[in-house]
Amino acid sequence: MAEFGVITPSVAVVGGKPATATGKALSVVALRKTYGDIVAVDEASMEIAAGEFVTFLGSSGSGKTTTLMMIAGFCEPDSGTITVGGRDVTRLAPQKRNLGFVFQQYLLFPHMTVHDNVAFPLTLRGVPKDEIRRRVGETLEIAGLSGFGGRKPRELSGGQQQRVALCRALVYRPPVILMDEPLGALDKKLRDQLQVEIKTIQQELGLTVIYVTHDQEEALVMSDRIAVMRNGLVEQFDTPRELFERPKTPFVADFLGAANFLPGRIEQHTDEHTLVRLDRSGGLLKARRHDLASGTPVKVAVQPGRLRACAIDDGFCSGTVETATYVGTLVRAGVRIDGGDAPLLRLEVPAGRGPVAGERVGITADPDDVNLFAGEQEG
Amino acid sequence: MAALTAAPARPRKLLASRKTRVGILYALPVVVYLLVLFVYPIISTLFLSLKNADGSLTLHWYVDALTGVNLSVLITTLRISAETALLSLVFGFILANAISRLRPLWAGLAMLIVVVPHFISALVRTYGWIILLGDKGLVNETLAWAPGAPYHLLYNELGVVIGTTSMMLPYTVLLLYGVMRGVDRGLLAAAASMGAGRVTIFRRVYLPLVAPGLASAGLLSFILSLGYYITPALMGGPNQTMIATLINQQVTKENQWNGAAAQGVLLLLLTLAGLLLVKLISSLGASAKKRSAS
């Protein structure tokens with residue numbers, strides 16, 4: 001942080017107050033947007049703290065980009081409110097919101113040099129010339145672009161252009177920076193590299209970032225919290241670990257964890273655990289304690305990596321290994337469970353200890369890794 | 001070994017020279033065409049403008065063209081052309097800007113409306129304007145209630161500029177529309193996201209991006225106006241005589257080919273000067289930008 005100390009004081013001069021103020025940076029209450037009969041965003045609500053990296057994750061049509069556009073002001077919500085640093089901006093024009101935006105298509109001004117692009121938002125704010133020069137220089141240095149100031153955007157690679165766009169969005173220290181799939185146009189290797197770079201800059205400068213992506217890995221790598229969106233609804237807004245280990249809906253369990261789903265019925269409760277009778281195999285499975293009544297139909301969700309192969313009588317079910325694929329450090333196995341034509345149960349076990357095709361195995365899982373969802377919910 | 005490596009070089013060289021010869025053959029018709037129809041007439045006009053009655057060389061015709069009435073005609077020509085260029089640029093900008101914001105289908109229709117009138121002969125359109133703008137024309141009839149009516153909209157500079165501007169408008173609209181369509185609207189949104197208001201976005205993002213189009217559209221209508229004949233001749237008065245009219249008079253009425261040639265050469269030089277000026281301004285702008293960035 002010390003090396004960026006030079007920048008921080010000037011923020012107070014420009015933005016009115018430092019972007020790194022503690023507390024709520026942004027809150028969204030019951031935001032709704034419809035296009036004709038289609039509900040793009042349905043009553044989305046969330047609070048984002050200053051310095052937090054939040055990702056809206058979902059497939060196309062999930063409402064993640066629409067939500068971001070409403071926060072930016074490019075799209076007007078039907079109802080709901082958006083507050084930035086305590087100020088209601090719901091009906092304000094984009095230029096009055098003092099937010100930063102990084103676009104997927106970079107959108108650098110082609111007639112300006114890199115330096116002038118980054119200086120643009122500062123000149124709008126009446127920052128003195130010397131300070132502009134200094135701050136643009138510092139920002140370009142953070143992004144590893146020193147010496148590129150005199151170039152035109154078209155002389156840079158895609159990755160460099162997106163770095164310039166990032167500089168341009170953070171040089172004036174907006175309280176929140178919005179990013180709409182900023183790495184979507186780059187190749188895999190560059191994407192991985194920039195994910196780390198953006199995350200590092202965000203942490204070092206204490207930026208509040210809202211990031212939109214459909215890439216689960218990207219979301220997991222970068223985010224403090226992820227809002228998983230589907231059909232305009234926020235399914236779950238939590239830390240990556242919570243989403244992964246304690247999914248609140250079958251969709252989240254499937255989307256992030258690629259979980260196996262098994263139908264069953266609550267059998268009984270003990271002090272710590274809930275016992276579930278599986279429909280197909282008839283086996284008894286121990287799960288974390290749940291409040292569902294006995295006899296309730298449930299869906300059991302366990303991620304492939306959390307299932308273990310064991311001796312044939314020790315598991316909650318048994319089956320025959322049909323496929324075993326070696327993928328580097330892991331073996332991916334597909335197990336045909338006895339007693340029914342259920343889909344293959346997917347396992348991921350460390351290579352070397354993995355089962356081989358044709359082997360008869362029992363399947364077990366730690367009760368803590370077993371998630372239960374009331375059965376009538378769709379998967 | 002040496003012979004082996006040298007061998008492939010020879011046929012390639014042969015091929016190259018053959019290629020060049022074929023190239024010349026292809027270019028020949030164009031070269032002949034240009035020589036006969038452009039270079040020869042221009043050079044002979046140049047000689048004509050430098051020749052005395054007895055065949056000796058003289059600058060007499062140029063002195064003649066740049067003094068007295070001829071000079072004032074030249075200045076009038078420059079002034080009317082500049083006014084036309086400016087006005088067609090302003091109206092063209094407004095029109096093209098509005099059209100570029102329309103959906104493609106409507107934009108296509110709007111462009112058709114701009115262009116179609118120009119399928120009709122310029123002479124017919126000029127008479128159309130004369131009917132509209134006359135003392136008893138549509139414009140003055142509808143404005144009969146206004147103080148000072150009827151307005152004199154014909155046979156003066158206003159009439160000429162109205163006419164020439166309407167003739168030049170499709171060129172500027174077509175040129176500007178193409179440039180404006182090429183501007184990524186996302187850039188304007190990006191500027192807004194950083195806090196730029198509409199005026200700032202227009203001045204610092206939109207205008208610089210369409211500036212090259214403005215320069216070429218303005219220059220085009222200026223150059224076309226310089227040599228324009230029908231509209232100024234029909235819609236102007238004696239004080240609006242333009243250089244093309246003067247050349248026509250010298251040839252058809254006074255049989256004064258040498259003087260006409262000198263004025264023709266002057267017209268050509270003015271056009272070249274205009275081109276050079278735009279080139280100079282745009283390169284100056286570019287280098288100024290470069291300096292401010294470093």
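Between A:Gly352, A:Gly334, which is free of Cβ contacts under 8 Å to residues at least 24 places away in the same chain and outside any loop (DSSP other than H, G, I, E, B)?
Sole residue among the options that is free of Cβ contacts under 8 Å to residues at least 24 places away in the same chain and outside any loop (DSSP other than H, G, I, E, B): A:Gly334.
If A:Thr67 passes every condition in (1) surrounded by 23 or more Cβ atoms within 10 Å (Cβ to Cβ); (2) within 16 Å of B:Arg185 (Cα to Cα) but one, which one does it miss?
(2)
Please determine whether any residue of the stretch B:88-95 is under 19 Å from the mean Cα position of the chain (by Cα) and either among the small types (Gly, Ala, Ser) or at positive phi (or both).
Scanning the stretch B:88-95 turns up at least one residue that is under 19 Å from the mean Cα position of the chain (by Cα) and either among the small types (Gly, Ala, Ser) or at positive phi (or both).
State whether one or more residues within the stretch A:62-74 are farther than 28 Å from A:Leu220 by Cβ and within 14 Å of chain B (Cβ to nearest Cβ).
Within the stretch A:62-74, one or more residues are farther than 28 Å from A:Leu220 by Cβ and within 14 Å of chain B (Cβ to nearest Cβ).
Which ranges mark the strands (runs of 3 or more DSSP E) fully within the stretch A:31-121 that have 2 or more residues being within 17 Å of the chain's Cα centre (by Cα)?
A:38-49, A:53-57
Only one of A:Leu186, A:Leu122 is farther than 23 Å from A:Gly51 by Cβ and touching a helix residue (DSSP H, G or I) at 6+ places or on another chain (Cβ under 7 Å); which?
A:Leu186
Would you point out which residue out of B:Ser100, B:Ser88, B:Ser81 is closer than 30 Å to B:Arg203 by Cβ, of a type outside the set (Lys, Arg), in contact with a Lys or Arg (Cβ under 6 Å, 6 or more places away or on another chain) and in contact (Cβ under 8 Å) with a residue 40 or more places away in the chain?
B:Ser100
I need a count of the residues in the stretch A:299-331 that are β-branched (Val, Ile, Thr) and outside any strand (DSSP E or B).
2
Out of B:Val161, B:Val116, B:Val173, which single residue is loosely packed, with under 11 Cβ neighbours inside 10 Å, under 20 Å from the mean Cα position of the chain (by Cα) and part of a helix (DSSP H, G or I)?
When all the criteria are applied, what remains is B:Val116.
Say we look at the stretch A:110-138 and pick out the residues that are within 11 Å of chain B (Cβ to nearest Cβ) and hydrophobic (A, V, I, L, M, F, W, C); which of these is farthest from A:Phe148 (Cα to Cα)?
A:Leu124
Picking from B:Gly213, B:Gly237, B:Gly195, which residue would you name as being over 23 Å from B:Pro117 (Cβ atoms), at pLDDT below 95 and more than 10 Å from every other protein chain (Cβ to nearest Cβ)?
Going through B:Gly213, B:Gly237, B:Gly195 in turn, just one is over 23 Å from B:Pro117 (Cβ atoms), at pLDDT below 95 and more than 10 Å from every other protein chain (Cβ to nearest Cβ): B:Gly237.
The values are calculated or read from the model by the stated rules, or taken from the named source; none is laboratory data. Values in this document were obtained by computation on a predicted structure and should not be read as measured data. Because the Cβ atoms are built from the backbone with ideal geometry, glycine has one as well, and the counts that use them run over all protein chains shown.
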